[in-house]
Amino acid sequence: MSVYGPVVKIHPVVLASICDSYERRNEGASRVIGTLLGTIDKHSIEVTNCFSVPHNESEDEVAVDMEFAKNMYELHKRVSPTEVIIGWYATGFDITEHSVLIHEYYSREATNPIHLTVDSALQSGKMSIRAYVSAQMGVPGKTVGVMFTPLTIKYIYYDTERIGVDLLQRTRLTPSRTKGLTSDLSQVGCAASRIQDMLTTVLAYIEDVLSGKATADNSVGRFLMDLVNKVPTISAEDFENMLNSNINDLLMVTYLSNLTQAQIALNEKLVLL
Amino acid sequence: MATRKESSSSPSAPMASTGGTLDSPVKQIQIEGLVVLKIIKHYQEEGQGSEVVQGVLLGLVVEDRLEITNCFPFPQHTEDDADFDEVQYQMEMMRSLRHVNIDHLHVGWYQSTFYGSFVSRALLDSQFSYQHAIEESVVLIYDPIKTAQGSLSLKAYRLTPKLMEICKEKDFTPEGLKKASVGFENMFEEVPIVIKNSHLISVLLWDLEDKSTVSDKHELLNLSSSNHLEKSLQLLMDRVDDLNQDIVKYNTYSRNLSKQQQQKHQYLQRRQQENVQRQSRGEPPLPEEDLTKLFKPPLPPPRMDTLLIAGQVNNYCQNVKEFTSQNLGKLFMAEALQGHN
């Protein structure tokens, strides 16, 4: 399905922000809207920040607090001067006539704004997140309308963001949705068990192929070869040496830092005598 | 070290055990996932060049828990923004956030750090003013380099009540510190953190997991550690040098003090002898002169810097130990992998 328009890359912080403002909406409001900030590239639009804008919506009219939007944008620009208004978001599944009006307002602020809908009411069973850009349609000269064409969405993370999101994912598993921050060795254990899970999946696939239950795929086979070759074959003696020297380094550093700590504790006691 | 409140370096010490020994009004911190993501993003986008990025935490206090529900970043201090009013920015931001029903109660601030070097005078002053104004405020320290290595490093600190008293009175002499018996371990207390997400965010996370590719970077299991270790040790050495200089200064001071005491003593004795002689000769005794005018006592050096440096050195050592224990584990795993070949 070929889609006209740039690819929209969204950072998870934007989606979390939208969900949070939906949860905090005023009584009686069925949806929230807000501005999207980000950067525009030649073929893609990267959405990195957002803020919600108070608005009132009824059957026949809609009022958006534009002063507020302008103010917030100024404040945000102070912190990150590279972000520009690239569009707006709304929670809810459909696009209503009011959306067209709001979109018109935003086209005054940004060239070709995008419109993001986040279905936080979960109408279709899951949270569908879609992006649109407006296009003119109709007969030129006579009735002209506006059509929203969908765009492809990609989720993009910084490395550190990825690690943060991984940690947040683990909060899903506990019933109280909480998770403490673990410390040192247990983290290594967690990472190792994750790799172990992945290896089990791969092994199960291999077993299936061997017993004929699944068809062998060449590209997967090539990846498997890479995987096995990644463990370098080093002679036992060399490896022993490398391992021992590394372990010695680490032990020495541990010893020195323990010594330093004992030293400053002693110094403290002497001074306070 | 009975009052060690920082997380110990033993591999399996759970965080919850430190919570029970705190005697402050805040025993636990609950952070929303949104705040974590915002802090990470702020550093990533704005903090590459300069040292630290800072921002304000918003939330509320529920019983003995401090819930942090939102945050906003502070712009950097640049030279061409000389007339920039921080307070005004903050006020405007909070007013606007109130319109959209975001909690506008100031509960603390966050700062990024470089290899764990955050124990400084500036931090102490800021946290003191915050804690003075708002009883339960904390400072969240985010370490981006440690996070990039595989595990989110976010710690929450408060000043101990003893340290608060000292800062209030501004009495940084050795006697003052001795009175309050504050050591570098009693400066900051760490509050355990728990991350909590609402149901809607959980749904979002499920969706994200579906749509995103499996992360192919397992930084945490990376075996190459020498770069990070070198930098940490370099910083540690610098600090130890500073501490050394400070100790030398203090030593010279105490030596001067004792020399002066001796001189005073000698002077007094000579005076007394002279007076006795004069009395035996029938002359009026010499008046007792004011000793403090003759012998000006040397100024005791302020101990606050020493305390801070010691605290910083302690922090570095803790980080280094954590790092080495992780790496030892990884090395043993690599050995196991080779052993089966």
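The values are calculated or read from the model by the stated rules, or taken from the named source; none is laboratory data. It should be emphasised that the depicted structure is a prediction, and the values quoted were computed from it without experimental measurement. Cβ placement follows ideal geometry from the backbone for every residue including glycine, while neighbour counts extend to all protein chains displayed.
State all residues of the range A:76-99 that are within 16 Å of A:Gly38 (Cα to Cα), within 14 Å of another protein chain (Cβ to nearest Cβ) and either buried (at least 19 other Cβ atoms within 10 Å of the Cβ) or in contact with a strand residue (DSSP E or B) (Cβ under 8 Å, 6 or more places away or on another chain) (or both); if no residue qualifies, say none.
A:His76, A:Val79, A:Ser80, A:Thr82, A:Glu83, A:Val84, A:Tyr89, listed by residue number.
Per this entry, B:Glu135 is counted among residues that are in the same structural domain as B:Val191 (by the TED database), under 17 Å from B:Gly59 (Cβ atoms) and surrounded by fewer than 20 Cβ atoms within 10 Å (Cβ to Cβ).
Is there a residue being more than 7 Å from chain B (Cβ to nearest Cβ) and among the small types (Gly, Ala, Ser) anywhere in the range A:254-261? No, the conditions are met nowhere in the range A:254-261.
For A:Thr117, the stated conditions hold: it is touching a strand residue (DSSP E or B) at 6+ places or on another chain (Cβ under 6 Å), among the polar types (S, T, N, Q) and modelled with pLDDT under 85.
None of B:Ser224, B:Ser212, B:Ser202, B:Ser280 is hydroxyl-bearing (Ser, Thr, Tyr) and at pLDDT 80 or above except B:Ser280. Just one of the numbered conditions (1) crowded, with 18+ Cβ neighbours inside 10 Å; (2) farther than 29 Å from B:Leu37 by Cα is not true of B:Phe188: (2). For the range A:153-161, does any single residue satisfy the condition of being within 11 Å of another protein chain (Cβ to nearest Cβ) and among the hydrophobic types (A, V, I, L, M, F, W, C)? So far as the range A:153-161 goes, yes, one or more of its residues are within 11 Å of another protein chain (Cβ to nearest Cβ) and among the hydrophobic types (A, V, I, L, M, F, W, C). Check the range A:2-15 and report whether any residue there is under 23 Å from B:Arg95 (Cβ atoms) and outside any helix (DSSP H, G or I). No, because not a single residue in the range A:2-15 is under 23 Å from B:Arg95 (Cβ atoms) and outside any helix (DSSP H, G or I). A:Asp94 fulfils the conditions (1) under 18 Å from the mean Cα position of the chain (by Cα); (2) assigned to a loop (DSSP other than H, G, I, E, B) except for a single criterion, (1). Taken as a whole, the range A:38-61 holds at least one residue that is closer than 20 Å to B:Gln90 by Cα and either in a loop (DSSP other than H, G, I, E, B) or more than 26 Å from the chain's Cα centre (by Cα) (or both). Of all residues in the range B:118-153, exactly one satisfies the criterion of being farther than 18 Å from A:Val188 by Cβ, within 12 Å of chain A (Cβ to nearest Cβ) and out of contact with any Ser or Thr (no Cβ under 8 Å at 6 or more places or on another chain), namely B:Leu140. Among the conditions (1) over 21 Å from B:Leu331 (Cβ atoms); (2) at the interface with chain B (Cβ under 7 Å from one of its Cβ atoms); (3) at pLDDT below 80, A:Pro175 misses just one, which is (2).
Taking each residue of the range A:230-247 that is more than 9 Å from chain B (Cβ to nearest Cβ) and looking for partners that are surrounded by 14 or more Cβ atoms within 10 Å (Cβ to Cβ) and at pLDDT 85 or above with beta-carbon atoms closer than 8 Å, six or more apart or interchain, yields nothing.
Of all the criteria given as (1) farther than 30 Å from B:Asn251 by Cβ; (2) at pLDDT below 85, the one not satisfied by A:Asn267 is (1).
Filtering the range B:324-341 to residues that are at the interface with chain A (Cβ under 8 Å from one of its Cβ atoms) and of a type outside the set (D, E, K, R) leaves B:Thr324, B:Ser325, B:Gln326, B:Asn327, B:Leu328, B:Gly329, B:Leu331, B:Met333, B:Ala334, B:Leu337, B:Gln338, B:Asn341. The residue that is modelled with the lowest pLDDT, among those in the range B:58-88 that are within 26 Å of A:Asp20 (Cα to Cα) and part of a loop (DSSP other than H, G, I, E, B), is B:Pro75. Within the option set A:Ser235, A:Ser219, A:Ser183, being at pLDDT below 85 and over 35 Å from the mean Cα position of the chain (by Cα) holds for one residue only, A:Ser235.
State yes or no: is A:Ser107 more than 10 Å from chain B (Cβ to nearest Cβ), within 18 Å of A:Ile40 (Cα to Cα), at pLDDT 70 or above and touching a helix residue (DSSP H, G or I) at 6+ places or on another chain (Cβ under 6 Å)? Criteria not met by A:Ser107. Assess whether A:Lys126 counts as being surrounded by fewer than 17 Cβ atoms within 10 Å (Cβ to Cβ), closer than 25 Å to B:Leu204 by Cα and modelled with pLDDT of 75 or more. No; evaluated as a whole, the condition is false for this residue. Within the range A:225-257, can you find the residues that are charged (D, E, K, R) and either surrounded by fewer than 12 Cβ atoms within 10 Å (Cβ to Cβ) or within 18 Å of B:His228 (Cα to Cα) (or both)? A:Asp226, A:Lys230, A:Glu237, A:Asp238, A:Asp249, listed by residue number. Out of all the residues in the range B:270-278, is one or more in contact with a helix residue (DSSP H, G or I) (Cβ under 9 Å, 6 or more places away or on another chain) and either surrounded by fewer than 13 Cβ atoms within 10 Å (Cβ to Cβ) or among the hydrophobic types (A, V, I, L, M, F, W, C) (or both)? Among the residues of the range B:270-278, not one is in contact with a helix residue (DSSP H, G or I) (Cβ under 9 Å, 6 or more places away or on another chain) and either surrounded by fewer than 13 Cβ atoms within 10 Å (Cβ to Cβ) or among the hydrophobic types (A, V, I, L, M, F, W, C) (or both), which makes the answer no.
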